[in-house]
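Worksheet: the structure to be examined is printed underneath.
The values are calculated or read from the model by the stated rules, or taken from the named source; none is laboratory data. Fair warning: this is a prediction, and the values are worked out from it, not measured in the lab. Glycine also receives a Cβ, built like all others from the backbone with ideal geometry; neighbour counts cover every protein chain displayed.
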């Protein structure tokens, strides 16, 4: 048993910095706490008959309670990260890709949750065909390094544990190996940029045959007109999102109302950005919008068609 545990720890260390395992480290990192939850403390594992420990906190609960999420936590009531990742069947040992991570709200959950035992990937949209000036091109090319550094600054997860790339530049050996691809509130942007089809094709190449794609997207009423549900206001019809994925080689596995908000009529002239956290109209009717909360959202799970 001693040797088996040692092998598990060695395996986990492949994607976790050596410093995380040094006995002299005064403040355990979030990766340490998760690995202790999964493997148990080394000294306990080496005992012939380990004492029965009380029920431990889950890995996701450890991450959600971290102090680096103090500013993010106010959004948990609307985004329900624990229930959402459970619905997407995410496990800490998986290879998980977050698509278009943006400001990193979900990155600050996923990177510490995954990096210690699995592999966390950050995938941005393909910029190779866009008309960019020199500064824009340089910024796009530096995004992988900058984003990995941001994750380390946010969470303490080492930048070396983050694999970041554009969707058309899949690193060698990764194609067809990813267990989960997660897309949070980004489908409307792909449609607005006329890149939804090409991006979904790229993501399909990345996904393992038994992998799944989880989607959270602002939802328009099924009766809404095309011009008000085509993505320009952030909202899209659930049936349209399902059809988009079907056209690009995916089938719906399951849907959920985890992120639904029946208080959002989804009719705002300024779109989803009227509501928190953006509050585009500033202080005008602020109390009303805050009382509604964030937008009504669909939560969908897809697999790729063979």
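Annotations
Every residue, every condition in (1) assigned to a helix (DSSP H, G or I); (2) modelled with pLDDT under 95; (3) closer than 23 Å to residue 73 by Cβ; (4) more than 15 Å from the chain's Cα centre (by Cα), yes or no:
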| residue | (1), (2), (3), (4) |
| --- | --- |
| 126 | no, no, no, yes |
| 131 | no, yes, no, yes |
| 145 | yes, no, no, yes |
| 164 | no, no, no, no |
| 168 | no, no, no, yes |
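- Residues in segment 100-124 that are assigned to a loop (DSSP other than H, G, I, E, B) and either on the phi < 0 side of the Ramachandran plot or surrounded by 19 or more Cβ atoms within 10 Å (Cβ to Cβ) (or both): 101, 103, 104, 105, 106, 115, 116, 117, 118.
- Scanning segment 272-287 for residues that are without any contact (Cβ under 8 Å) to a residue 40 or more places away in the chain and part of a helix (DSSP H, G or I), we see that the one that is farthest from residue 231 (Cα to Cα) is 287.
- In segment 288-306, the residues that are without any contact (Cβ under 8 Å) to a residue 60 or more places away in the chain and on the phi < 0 side of the Ramachandran plot reach residues that are outside any loop (DSSP other than H, G, I, E, B) and buried (at least 21 other Cβ atoms within 10 Å of the Cβ) with C-beta atoms within less than 8 angstrom, at least six apart or across chains, in these pairs: 289/274; 305/250.
- Residue identified as closer than 18 Å to residue 161 by Cα and either within 14 Å of the chain's Cα centre (by Cα) or surrounded by 23 or more Cβ atoms within 10 Å (Cβ to Cβ) (or both) among 97, 83: 97
- Checked against the criterion of being closer than 23 Å to residue 254 by Cβ and surrounded by fewer than 19 Cβ atoms within 10 Å (Cβ to Cβ), segment 63-76 contains one or more residues that satisfy it.
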